[in-house]
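Chemist: The structure under discussion is supplied below as structure tokens; questions concerning it will follow.
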Amino acid sequence: MTSDINTDQTKSTAAVLSELKVQAGKGLSDEEVKQRQIVYGLNEVLEKKQLMFLLFLKHFWGLTAIMLEITIVLSFLLHKYVDVYLIGGLMLFNAIIGFIQESKASKTVKALKQSLQVLVRVLRNSEWQQVPAGQLVPGDIVRIRTGDFIRADAKILSGEAGADQSALTGESMLISKKEGDMFFSGSVVKNGECNAVVISTGASTFFGKTIQLVQMAKPRLHMEEVVANVVKILFSIVLLFVGITIAVSLLRGETFISMLPLVLILLVTAVPVAMPAMFTVSMAKGSQQLAAKGILVSRLSAAEDAATMTTLCIDKTGTITQNKLSVQEIEPEENFTIGDILRYGVLASVAANNDPIDMAFLQKAAESKTDTSGYSQISFTPFSSALKRTEAIVQKDGRQFKVMKGAYNTIKGLCNLQHSKLDITVDEWAAKGLKTIAIAIQEDNVTNMLGIVSLVDPPLSDSAKMITAIKGLGVKVKMLTGDALPIAREIAARVGVGDDIASAGLLREDTAGRDSHSIIIAHDGFAEVLPEDKFSIVRTLQKHHEITGMTGDGVNDAPALKQAEVGIAVKSATDAAKQAASVILLHDGLESIISLITVGRTIHHRISNWVVSKISKTIFTVVYVCVAYIITGQFVVSAFDMVLLLFIIDFVTLTLSTDIVSWSKKPESWKIKPLVKDGVLLGIFLIAEALAWLFIGKKYLDITDLNQLHSFGFATLFFAGIFNIFVVRTPTRFYKQPIGRNLLTAIIADIILACLILSLGLPGFNILPIHVTVSTLLYFAFCSLIINDWIKVRLNNHDLGT
């Protein structure tokens with residue numbers, strides 16, 4: 001819509017409704033919606049897409065690509081034209097493969113964005129319904145509540161609310177909104193509720209674009225930081241040996257320019273060429289697995305964070321329990337009836353809000369056929385963590401009074417009751433795990449208790465089993481709930497969280513020298529928790545090096561969800577909570593969280609395998625080439641051989657991202673020392689084995705010609721590297737862990753390709769006798785699968801023993 005927003009702000013609501021041709025009490029019809037979507041389009045802003053050929057050209061930019069391009073130029077200047085063509089061709093092939101892989105990952109991210117749609121409550125055909133925000137059109141009547149993420153410019157028709165427009169203006173101050181004011185797309189509702197009419201959608205909104213609910217951010221991964229440190233170590237080793245080799249070669253009369261192509265290639269081996277693709281593919285595959293299980297990630301690194309999670313703070317409602325409240329028992333005060341309780345409870349509720357407590361009263365009243373005729377709700381104040389009740393101004397026969405519905409202790413305090421006979425009933429209900437809601441009316445500044453209602457939200461049938469399973473994964477579980485202490489203790493004991501539940505007030509009191517962390521770890525959970533308590537608990541755990549997960553559903557949970565490494569918005573979460581979380585659950589219960597942890601640990605294992613493979617391969621390649629040159633006075637490989645190896649081995653190791661691996665029974669960590677140790681040890685074994693094979697080749701296999709030596713060196717580096725993959729992919733013996741089909745296929749295809757190259761040759765690449773090729777294959781298969789694999793298991797067992 002292209003109307004002037006400033007003009008719309010000054011117009012009366014009646015004028016706006018008239019202009020948009022809609023009635024506030026009926027909304028648009030389906031036919032009107034279709035017609036307006038044709039005129040105005042969907043409520044979305046199309047992202048500016050990068051040109052495909054520019055995305056493709058990015059593969060020819062970066063440290064690795066530039067060093068290879070320098071090598072091509074140097075080879076051209078040295079008149080090694082075959083190397084120029086072949087290295088250039090390999091770069092092109094790698095760019096095509098990388099482009100295809102990234103395109104697939106991009107499609108995964110796009111699919112996730114589409115899954116993470118905001119749903120809005122809209123009045124159509126005189127009925128309230130939920131529709132995707134992208135389907136809104138000018139003239140739609142929408143219901144706006146605390147926690148909602150505004151997806152279109154709208155004018156308030158009735159009610160009041162507070163809006164956070166910091167995402168739009170940068171100002172963090174809460175803006176009060178009342179009838180006639182405008183809500184702008186991108187705002188978050190912090191309190192209150194109202195009805196509004198949509199004025200502008202999509203690109204026509206005041207700020208020119210719709211802000212997405214979930215920004216698919218790609219923050220720097222922990223594993224990338226580890227690899228960055230590994231690369232520094234590898235570069236140090238490479239520079240040391242390359243420096244020694246250059247010094248020796250210059251003393252032998254070689255020219256620096258003739259050595260430069262090979263030196264550049266050796267330096268390139270320290271660069272993790274396939275790292276970006278490896279990480280992207282691993283995370284995208286993991287995200288697809290999670291999406292299939294009803295778990296949506298708002299950033300690809302969320303699963304990586306879940307792998308390291310040590311403590312999970314879980315909300316009771318919707319995670320442990322069913323989040324489906326129903327009226328269990330009703331206890332009226334003297335002079336009031338059960339009918340009175342239900343009638344006034346309904347009058348303090350609003351159906352459009354779809355609030356669980358409101359819906360429980362409305363459902364029970366409908367079943368009991370409670371009569372509310374003659375009563376009219378003049379205004380309504382929704383529940384908030386500060387108010388702890390709903391309030392409604394009701395009119396009956398010309399008189400007005402206030403009806404209140406909320407927590408028992410809150411309503412009891414408003415009634416100035418020190419003691420009540422209902423106290424005993426409330427305690428009995430709490431012991432059964434029932435939630436108590438009190439109803440009161442206020443007239444002429446006198447507040448009277450009408451009675452109490454017990455609501456039941458029973459635990460999910462598998463909660464106890466799932467909590468046991470999470471604890472079995474080495475993750476500590478803390479239950480945090482705003483419910484009263486007796487209810488919290490009853491639920492926690494029933495589902496196996498533990499029986500040591502304390503009031504969150506303990507964290508706020510003077511604890512006589514005890515720090516908050518010691519209190520948190522000493523208890524299984526906390527009741528009567530405020531939103532700020534959740535944030536404080538998460539931050540305290542993080543200060544003591546805990547990787548923390550947090551579940552939440554409300555707008556006030558957003559700070560804690562954003563603070564936690566693994567912020568999890570449950571199925572019933574508000575838009576604001578989903579915006580802050582890194583993971584969104586589409587199903588109730590804890591089973592999804594178990595899947596999140598196990599998939600995350602699987603991804604961690606795959607990436608760790610790749611890192612160890614990269615370390616061992618780099619150390620082996622560089623040290624072997626340099627030491628062999630120092631010993632023999634000849635380079636055992638050419639620059640082209642190294643480039644060929646670089647691409648065909650990296651192509652295989654990339655498929656480690658889809659390998660079948662076992663996940664750990666305890667939280668993973670991002671410690672660099674174990675990875676470096678494993679990689680260096682394997683590299684040393686490979687160096688020793690390769691030097692021994694070089695001695696055998698020169699003495700017994702008649703490898704004397706320089707070109708043939710290059711082919712022999714290529715075979716040595718290839719077969720040692722390819723069989724090393726079997727060793728690094730599992731901590732047990734290689735045959736005990738099933739291998740992924742993609743990885744096995746890639747390994748077999750690579751071996752066949754290498755054998756064909758060695759047997760048939762390439763321009764500038766000499767043929768190697770078949771018996772030498774087969775002998776090299778069998779030698780390194782034996783070394784890796786028998787010797788190195790056995791040593792690996794022994795070392796792992798020794799580490800576990802210590």
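The values are calculated or read from the model by the stated rules, or taken from the named source; none is laboratory data. Computed from a predicted structure; not experimentally measured. Virtual Cβ from ideal backbone geometry, glycine too; neighbours counted across all protein chains shown. Each accessible area value is taken on the protein alone, full model and side chains, heavy atoms only, with ligands, DNA and RNA left out. Shrake-Rupley method; radii C 1.70, N 1.55, O 1.52, S 1.80 Å.
Chemist: For residue 637, are the conditions met, namely being part of a loop (DSSP other than H, G, I, E, B) and surrounded by 17 or more Cβ atoms within 10 Å (Cβ to Cβ)? Even if it seems obvious, please write down each step before you answer.
Modeler: Working: part of a loop (DSSP other than H, G, I, E, B): yes; surrounded by 17 or more Cβ atoms within 10 Å (Cβ to Cβ): yes.
For residue 637, the condition - part of a loop (DSSP other than H, G, I, E, B) and surrounded by 17 or more Cβ atoms within 10 Å (Cβ to Cβ) - is met.
Chemist: Given the criterion modelled with pLDDT under 95, closer than 30 Å to residue 595 by Cβ and assigned to a loop (DSSP other than H, G, I, E, B), identify the matching residue among 655, 730, 704, 745. It would help to see each step written out before you state the result.
Modeler: On the way: 655 fails: assigned to a loop (DSSP other than H, G, I, E, B); 704 fails: closer than 30 Å to residue 595 by Cβ; 745 fails: assigned to a loop (DSSP other than H, G, I, E, B).
After applying the criteria, what remains is 730.
Chemist: Return the only residue of 588, 533, 557, 553 being over 27 Å from residue 286 (Cβ atoms), out of contact with any Cys (no Cβ under 8 Å at 6 or more places or on another chain) and touching a residue at least 40 places away in the same chain (Cβ under 8 Å). First the steps, then the outcome.
Modeler: Working: 588 fails: over 27 Å from residue 286 (Cβ atoms); 557 fails: over 27 Å from residue 286 (Cβ atoms); 553 fails: over 27 Å from residue 286 (Cβ atoms).
Result of the check over 588, 533, 557, 553: 533.
Chemist: Examine the stretch 388-411 for a residue that is closer than 13 Å to residue 348 by Cα and among the hydroxyl-bearing types (Ser, Thr, Tyr), and state whether such a residue exists.
Modeler: Yes; the residues of the stretch 388-411 include at least one that is closer than 13 Å to residue 348 by Cα and among the hydroxyl-bearing types (Ser, Thr, Tyr).
Chemist: Would a scan of the stretch 541-554 turn up a residue that is farther than 20 Å from residue 470 by Cβ, open to solvent by 10 Å² or more (accessible area, probe 1.4 Å), at pLDDT below 85 and not hydroxyl-bearing (Ser, Thr, Tyr)?
Modeler: yes
Chemist: Restricted to the stretch 517-535, and to residues that are modelled with pLDDT under 90 and among the acidic types (Asp, Glu), which residue is least open to solvent (accessible area, probe 1.4 Å)?
Modeler: 533
Chemist: Does residue 786 fit the bill of being without any contact (Cβ under 8 Å) to a residue 60 or more places away in the chain and not in a helix (DSSP H, G or I)? Even if it seems obvious, please write down each step before you answer.
Modeler: Details: without any contact (Cβ under 8 Å) to a residue 60 or more places away in the chain: yes; not in a helix (DSSP H, G or I): no.
Criteria not met by residue 786.
Chemist: Could you identify the single residue in 351, 303, 274 that is within 24 Å of the chain's Cα centre (by Cα), more than 28 Å from residue 594 (Cβ to Cβ) and at pLDDT below 90? Show your work before the answer.
Modeler: Values: 351 fails: within 24 Å of the chain's Cα centre (by Cα); 303 fails: more than 28 Å from residue 594 (Cβ to Cβ).
Within the list 351, 303, 274, the selection yields 274.
Chemist: Moving on. Output the number of the condition that residue 560 fails; it satisfies all remaining conditions of (1) open to solvent by less than 10 Å² (accessible area, probe 1.4 Å); (2) modelled with pLDDT under 85; (3) of a type in the set (Gly, Ala, Ser).
Modeler: Every listed condition holds for residue 560 apart from (2).
Chemist: Let me ask something additional. Quick check on the stretch 161-174: of everything there that is outside any loop (DSSP other than H, G, I, E, B) and open to solvent by 20 Å² or more (accessible area, probe 1.4 Å), which residue is modelled with the highest pLDDT? I'd like the intermediate steps shown before the answer.
Modeler: Start the filter on the stretch 161-174 by keeping residues that are outside any loop (DSSP other than H, G, I, E, B), which leaves 161-164, 166-169, 174.
In the following step, the residues that additionally are open to solvent by 20 Å² or more (accessible area, probe 1.4 Å) were identified as 164, 166-169, 174.
Values: 164: 77, 166: 61, 167: 58, 168: 63, 169: 54, 174: 68.
Ranking the candidates gives 164 first.
Chemist: Give the residues of the stretch 668-684 that are open to solvent by 60 Å² or more (accessible area, probe 1.4 Å) and modelled with pLDDT of 90 or more, sorted by residue number.
Modeler: Matches in the stretch 668-684: 684 only.
Chemist: Looking at (1) under 20 Å from residue 723 (Cα atoms); (2) surrounded by fewer than 24 Cβ atoms within 10 Å (Cβ to Cβ); (3) out of contact with any helix residue (DSSP H, G or I) (no Cβ under 6 Å at 6 or more places or on another chain); (4) hydrophobic (A, V, I, L, M, F, W, C), which is the one condition that is false for residue 623?
Modeler: With (1) under 20 Å from residue 723 (Cα atoms); (2) surrounded by fewer than 24 Cβ atoms within 10 Å (Cβ to Cβ); (3) out of contact with any helix residue (DSSP H, G or I) (no Cβ under 6 Å at 6 or more places or on another chain); (4) hydrophobic (A, V, I, L, M, F, W, C) applied to residue 623, the lone miss is (3).
Chemist: If only one of 327, 350, 346 is under 30 Å from residue 495 (Cα atoms) and open to solvent by less than 30 Å² (accessible area, probe 1.4 Å), which one is it?
Modeler: Details: 350 fails: under 30 Å from residue 495 (Cα atoms); 346 fails: under 30 Å from residue 495 (Cα atoms).
Exactly one residue qualifies, and that residue is 327.
Chemist: I'd like to verify a number: residues in the stretch 229-254 that are more than 15 Å from residue 679 (Cβ to Cβ), aliphatic (A, V, I, L, M) and open to solvent by less than 60 Å² (accessible area, probe 1.4 Å), how many? Walk me through it before giving the result.
Modeler: Quick first cut of the stretch 229-254, residues more than 15 Å from residue 679 (Cβ to Cβ) only: 239-254.
Restricting the remaining residues to those that are aliphatic (A, V, I, L, M) gives 239-240, 242, 244, 246-248, 250-251.
Right, trim to open to solvent by less than 60 Å² (accessible area, probe 1.4 Å) and you get 242, 246-248.
Selection size over the stretch 229-254: 4.
Chemist: Over 16 Å from residue 731 (Cβ atoms) and assigned to a helix (DSSP H, G or I) - does that describe any residue in the stretch 658-670? Lay out the reasoning, then the answer.
Modeler: Going residue by residue through the stretch 658-670, those that are over 16 Å from residue 731 (Cβ atoms) are 658, 667, 670.
Those still in the list that are assigned to a helix (DSSP H, G or I) too: 658.
Yes: one or more hits.
Chemist: Do you know which of the residues in the stretch 577-603 that are of a type in the set (A, V, I, L, M) and more than 18 Å from residue 315 (Cα to Cα) is modelled with the highest pLDDT?
Modeler: First pass over the stretch 577-603, keeping only residues of a type in the set (A, V, I, L, M): 577, 580-581, 583-586, 590, 593-594, 596-597, 599, 603.
Filter again for more than 18 Å from residue 315 (Cα to Cα), leaving 599, 603.
Numbers: 599: 91, 603: 87.
Filtering the stretch 577-603 for residues that are of a type in the set (A, V, I, L, M) and more than 18 Å from residue 315 (Cα to Cα), the one modelled with the highest pLDDT comes out as 599.
Chemist: Something else about it: When you look at residue 591, is it touching a Ser or Thr at 6+ places or on another chain (Cβ under 6 Å) and at negative phi, yes or no? Working first, answer last.
Modeler: Details: touching a Ser or Thr at 6+ places or on another chain (Cβ under 6 Å): no; at negative phi: yes.
No; evaluated as a whole, the condition is false for this residue.
Chemist: Specify the residue that is modelled with the lowest pLDDT; the eligible residues are those in the stretch 175-190 that are open to solvent by 30 Å² or more (accessible area, probe 1.4 Å) and touching an Asp or Glu at 6+ places or on another chain (Cβ under 6 Å). Steps first, answer last, please.
Modeler: Of all residues in the stretch 175-190, those open to solvent by 30 Å² or more (accessible area, probe 1.4 Å) come to 175-176, 178-179, 181, 190.
After this cut, where a residue has to be touching an Asp or Glu at 6+ places or on another chain (Cβ under 6 Å) as well, the list is 178, 190.
Working: 178: 88, 190: 81.
Filtering the stretch 175-190 for residues that are open to solvent by 30 Å² or more (accessible area, probe 1.4 Å) and touching an Asp or Glu at 6+ places or on another chain (Cβ under 6 Å), the one modelled with the lowest pLDDT comes out as 190.
Chemist: Exactly one of (1) open to solvent by 50 Å² or more (accessible area, probe 1.4 Å); (2) at pLDDT below 90; (3) within 39 Å of the chain's Cα centre (by Cα) is unmet by residue 766. Its number?
Modeler: (3)
Chemist: Looking at 307, 302, 365, 291, which is the one that is over 30 Å from residue 540 (Cβ atoms) and open to solvent by less than 30 Å² (accessible area, probe 1.4 Å)? Talk me through it step by step, then tell me what you get.
Modeler: Values: 307 fails: over 30 Å from residue 540 (Cβ atoms); 302 fails: over 30 Å from residue 540 (Cβ atoms); 291 fails: open to solvent by less than 30 Å² (accessible area, probe 1.4 Å).
Answer to the selection: 365.
Chemist: Answer yes or no: is there a residue in the stretch 358-371 that is under 21 Å from residue 189 (Cβ atoms) and part of a helix (DSSP H, G or I).
Modeler: From the stretch 358-371, those under 21 Å from residue 189 (Cβ atoms) are 358-359; that's our starting set.
With the extra rule that they be part of a helix (DSSP H, G or I), the set shrinks to 358-359.
Looking through the stretch 358-371, at least one residue is under 21 Å from residue 189 (Cβ atoms) and part of a helix (DSSP H, G or I).
Chemist: If I filter the stretch 566-585 for residues that are within 19 Å of residue 323 (Cα to Cα), open to solvent by 10 Å² or more (accessible area, probe 1.4 Å) and over 17 Å from the mean Cα position of the chain (by Cα), do I get at least one hit?
Modeler: Checking the stretch 566-585: at least one residue is within 19 Å of residue 323 (Cα to Cα), open to solvent by 10 Å² or more (accessible area, probe 1.4 Å) and over 17 Å from the mean Cα position of the chain (by Cα).
Chemist: Then there's this: Just to be sure, is residue 318 small (Gly, Ala, Ser), open to solvent by less than 10 Å² (accessible area, probe 1.4 Å) and not in a helix (DSSP H, G or I)? So that I can check it myself, show each step before the final result.
Modeler: Working: small (Gly, Ala, Ser): yes; open to solvent by less than 10 Å² (accessible area, probe 1.4 Å): yes; not in a helix (DSSP H, G or I): yes.
Criteria met by residue 318.
Chemist: Give the stretch 31-46 a look and list any residue that's in a helix (DSSP H, G or I) and open to solvent by 80 Å² or more (accessible area, probe 1.4 Å), or say none. Before the answer, list the steps.
Modeler: Step one: list which residues in the stretch 31-46 are in a helix (DSSP H, G or I), which gives 31-40.
Hits for the stretch 31-46 are 31, 34, 35, 38, 39, 40.
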